[in-house]
1. When Rg is the radius of gyration of the Cα atoms in the chain and Rh is its Kirkwood radius, what does Rg/Rh come to?
2. Would you mind checking which residues have amide H under 5 Å from Met68's amide H? H placed 1.01 Å from N; only 5 or more apart, or other chain.
3. Give me a comma-separated list of calculated 3J(HN,Hα) values for region 25-35, in order, Karplus coefficients 6.51, -1.76, 1.60 applied at θ = phi - 60°, integers in Hz, x for any Gly or Pro.
4. Give the order of Arg90, Arg149, Arg114 when sorted by the count of other beta carbons within 10 angstrom, beginning with the fewest.
5. Dipole magnitude of the chain about its Cα centre, charges +1 at Lys/Arg Cβ and -1 at Asp/Glu Cβ only, in debye to the nearest 20?
6. Could you go through region 163-170 in sequence order and give the Karplus-derived ³J(HN,Hα) for each residue, using 6.51 cos²θ - 1.76 cosθ + 1.60 with θ = phi - 60°, rounded to whole Hz, and x for Gly and Pro?
7. Taking the Cα centre of each part, how many Å lie between region 128-150 and region 104-118?
8. What does the net charge come to around Tyr60 if you take all other residues with beta carbon closer than 9 Å to its beta carbon, with K and R at +1 and D and E at -1?
Amino acid sequence: MLLIVSCNIDNSFLIKNSQIGPISKTTTVSELEALFINDSLVNYKVANQIDRAVTGITIYEKGGKKLMLILPVKGGSGSTIKSVKIFDERYKTDKGIGLSSTFKDLSTKYTIKRIENLIDLVVIFVNESDAYFTIDKKYLAGELMFNTRDKIEKTQIPDNTPLKYFMVEW
């Protein structure tokens with residue numbers, strides 16, 4: 001019976017190194033339609049850091065729920081995927097971290113590599129994954145909410161702080 005149950009595990013929403021559900025590090029943009037045959041793919045232009053337009057692909061589940069935003073390495077259907085922003089709480093890392101997780105969940109299951117202090121966000125990088133996690137600075141105490149100069153330490157982030165979103169970048 002255990003064998004039957006383990007064979008029926010749905011990996012559609014599992015994130016592990018070099019893989020997000022059916023997408024792998026080597027998946028090309030042209031393969032996405034076949035991988036998400038029951039979903040909708042919407043292409044649009046997004047501005048990158050140097051103000052050049054890049055075609056992003058948003059994947060919506062039938063019924064309209066936004067699953068993810070995919071940014072390719074460069075334009076063209078043969079391009080591989082550079083990064084994926086996760087919007088759906090069903091996506092979880094192989095250690096069980098997803099959008100419904102808290103900072104305590106994250107810091108318990110992963111080793112924090114570094115914490116970046118941005119204008120209104122804190123980005124948390126971990127050692128064991130290609131994913132990085134973002135929290136809103138509104139959950140931080142006093143001065144930390146309003147400055148970008150100070151280094152934010154793990155101990156300064158409340159355990160119950162929810163994850164805002166997370167991304168995987170290859």
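Quick note: the coordinates plus some simple rules give every number you see, no bench work behind them. Here the structure is a predicted model, which is why all the values come from computation and not from measurement. Here Cβ is always computed from backbone atoms with ideal geometry, including for glycine, and neighbour counts include all displayed protein chains.
1. On the way: Rg = 17.3 Å, Rh = 17.3 Å.
We get a ratio of 1.00 for the chain.
2. Ile59, Phe87
3. Those phi angles translate into 4, 9, 4, 9, 4, 5, 8, 4, 4, 5, 6 Hz.
4. On the way: Arg90 16, Arg149 6, Arg114 12.
Ranking Arg90, Arg149, Arg114 by Cβ neighbours within 10 Å, fewest first, gives Arg149, Arg114, Arg90.
5. 200 debye
6. 6, 7, 7, 9, 10, 10, 10, 10
7. Here the two parts' Cα centres lie 10 Å apart.
8. With Lys, Arg at +1 and Asp, Glu at -1, the neighbours total +1.
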